[in-house]
Amino acid sequence: MGIIRKRVACVCGAAIASSSSIKYQLEEFFEREHVTDVELICCRFRELDEYIDRICLIVTASPMFKEYPVPAFNDTCYLSGIDCEPTNQKILEILRNTPDMEIL
């Protein structure tokens, strides 16, 4: 993997099933698109405040009841694995237009 310049939080209630599914599907998509500078992390909604200064995007399949200072994608396609390509392309576009982060 190359230098990590972006970090994406894959989020759900328990950081087990939904977030892992999102992470897996995004990993496959990024590999196909030759994206090597993005780190994907799984976390719970209640942990987002701890990560918010170290992420540039939130991806979830669950309802969000709070606004965050980074873009967020909420799409249930990651639960079924069906028709995720349009959302994946939007995520990639956001990441390409997001300044590199200082990853600690």
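The values are calculated or read from the model by the stated rules, or taken from the named source; none is laboratory data. Keep in mind the model is a prediction, meaning the values are calculated, not measured. So basically every Cβ, Gly included, is an ideal-geometry build from the backbone, and we count neighbours across all protein chains shown. For the accessible areas, the whole protein counts, side chains as well, though only heavy atoms, and no ligand, DNA or RNA atoms are used. Shrake-Rupley method; radii C 1.70, N 1.55, O 1.52, S 1.80 Å.
From the list Ile16, Ile4, Ile82, Ile103, the one residue that fits, being exposed (fewer than 11 other Cβ atoms within 10 Å of the Cβ), on the phi < 0 side of the Ramachandran plot and at pLDDT below 95, is Ile82. Of all residues in region 41-61, those satisfying the criterion of being open to solvent by less than 30 Å² (accessible area, probe 1.4 Å) and either in contact with a Phe, Trp or Tyr (Cβ under 8 Å, 6 or more places away or on another chain) or of a type in the set (D, E, K, R) (or both) are Ile41, Cys43, Leu48, Ile52, Leu57, Ile58, Val59, Thr60, Ala61.
Which of the following residues is over 15 Å from Met101 (Cα atoms) and touching a residue at least 12 places away in the same chain (Cβ under 8 Å): Ser80, Ser18? Show your work before the answer.
On the way: Ser80 fails: touching a residue at least 12 places away in the same chain (Cβ under 8 Å).
Only one candidate qualifies: Ser18.
When every residue of region 29-37 is checked against the conditions, none turns out to be under 23 Å from Met101 (Cβ atoms), surrounded by 19 or more Cβ atoms within 10 Å (Cβ to Cβ) and touching a helix residue (DSSP H, G or I) at 6+ places or on another chain (Cβ under 6 Å).
How many residues does region 70-98 contain that are assigned to a helix (DSSP H, G or I) and not hydroxyl-bearing (Ser, Thr, Tyr)? So the count comes out to 13.
Could you please let me know if Thr87 is closer than 11 Å to Ile22 by Cα and surrounded by 10 or more Cβ atoms within 10 Å (Cβ to Cβ)? So Thr87 does not fit the description; no. Those residues that are of a type in the set (Asp, Glu) and either farther than 18 Å from Phe73 by Cα or over 12 Å from the mean Cα position of the chain (by Cα) (or both), I need them from region 1-45; list them, please. Matches in region 1-45: Glu28, Glu31, Glu33, Asp37.
Among residues of region 53-69 that are touching a residue at least 40 places away in the same chain (Cβ under 8 Å), those with a Cβ under 9 angstrom from a residue that is among the hydroxyl-bearing types (Ser, Thr, Tyr) and assigned to a loop (DSSP other than H, G, I, E, B), sequence gap 6+ or separate chain, pair up as Ile55/Tyr68; Cys56/Thr98; Leu57/Thr98; Ile58/Tyr68; Ala61/Thr76; Ser62/Thr76.
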